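Handing you this structure, nothing more for now.
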Amino acid sequence: MPYAIEVKKGQEYWFCTCGKSGTGLCNGSHEGSDRSPSQFVAEKDDTVYICGCGHSFDSPFCDGTHKTLQGS
Ligand code: FES
């Protein structure tokens with residue numbers, strides 16, 4: 001399932017692309033993998049949906065791929 005993250009205009013975020021952080025924001029859990037976080041600067045106050053499964057083709061954003069995974 002994706003993580004809904006409230007972002008603020010002009011603020012920088014580092015979104016998780018590995019699916020291991022458990023929050024949608026990078027917490028360093030990717031270390032030792034071939035993944036790295038994705039930098040994002042919000043253009044407006046908004047809610048963004050960050051991939052929580054690590055399989056999105058639009059990483060770091062959710063593209064619905066989690067619905068096609070076995071056991072999800
Ligand atoms: S914890 Fe997933 S990219 Fe950093």
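The values are calculated or read from the model by the stated rules, or taken from the named source; none is laboratory data. Bear in mind that the values here come from a model prediction, so they are computed numbers and not experimental data. As a convention, Cβ positions derive from the backbone with ideal geometry for all residues, glycine included, and neighbour counts pool all protein chains shown. Only protein heavy atoms, including side chains, enter the accessible area calculation; ligands, DNA and RNA are left aside. Shrake-Rupley method; radii C 1.70, N 1.55, O 1.52, S 1.80 Å.
List, please: which pairs have Cβ atoms under 6 Å, are six or more places apart or on different chains, and start with a residue in segment 11-39 that is over 15 Å from Phe61 (Cα atoms) and end with one that is assigned to a loop (DSSP other than H, G, I, E, B)?
Gln11/Ala42; Asn27/Ser21; Ser29/Lys20; Ser29/Ser21; His30/Cys18; Ser33/Cys18
A further question on this structure: Picking from Cys53, Cys62, which residue would you name as being at negative phi, surrounded by 13 or more Cβ atoms within 10 Å (Cβ to Cβ) and within 13 Å of the ligand (Cβ to nearest atom)?
Cys53
Among Asp63, Asp34, Asp45, Asp58, which is the only one that is among the charged types (D, E, K, R) and under 10 Å from the mean Cα position of the chain (by Cα)?
It is Asp58.
Can you find a residue that is more than 15 Å from the ligand (Cβ to nearest atom), at negative phi and touching a Phe, Trp or Tyr at 6+ places or on another chain (Cβ under 9 Å) anywhere in segment 20-38?
For segment 20-38, residues more than 15 Å from the ligand (Cβ to nearest atom), at negative phi and touching a Phe, Trp or Tyr at 6+ places or on another chain (Cβ under 9 Å): absent.
Could you tell me whether Lys67 is away from the ligand (no atom under 15 Å from the Cβ), touching a residue at least 12 places away in the same chain (Cβ under 8 Å) and open to solvent by 30 Å² or more (accessible area, probe 1.4 Å)?
Taking the combined requirement at face value, the residue does not satisfy it.
Which residues, taken from segment 30-50, are surrounded by fewer than 16 Cβ atoms within 10 Å (Cβ to Cβ) and not acidic (Asp, Glu)?
Gly32, Ser33, Ser36, Gln39, Val41, Lys44, Thr47
For residues that are open to solvent by less than 70 Å² (accessible area, probe 1.4 Å) and within 27 Å of Thr68 (Cα to Cα), scanning just segment 1-15, find the one that is farthest from the ligand (Cβ to nearest atom).
By that ranking, first place goes to Ala4.
Right, next: Going through segment 16-29 one residue at a time, which ones are surrounded by 18 or more Cβ atoms within 10 Å (Cβ to Cβ) and modelled with pLDDT of 95 or more?
Cys26 - this is the single residue of segment 16-29 that is surrounded by 18 or more Cβ atoms within 10 Å (Cβ to Cβ) and modelled with pLDDT of 95 or more.
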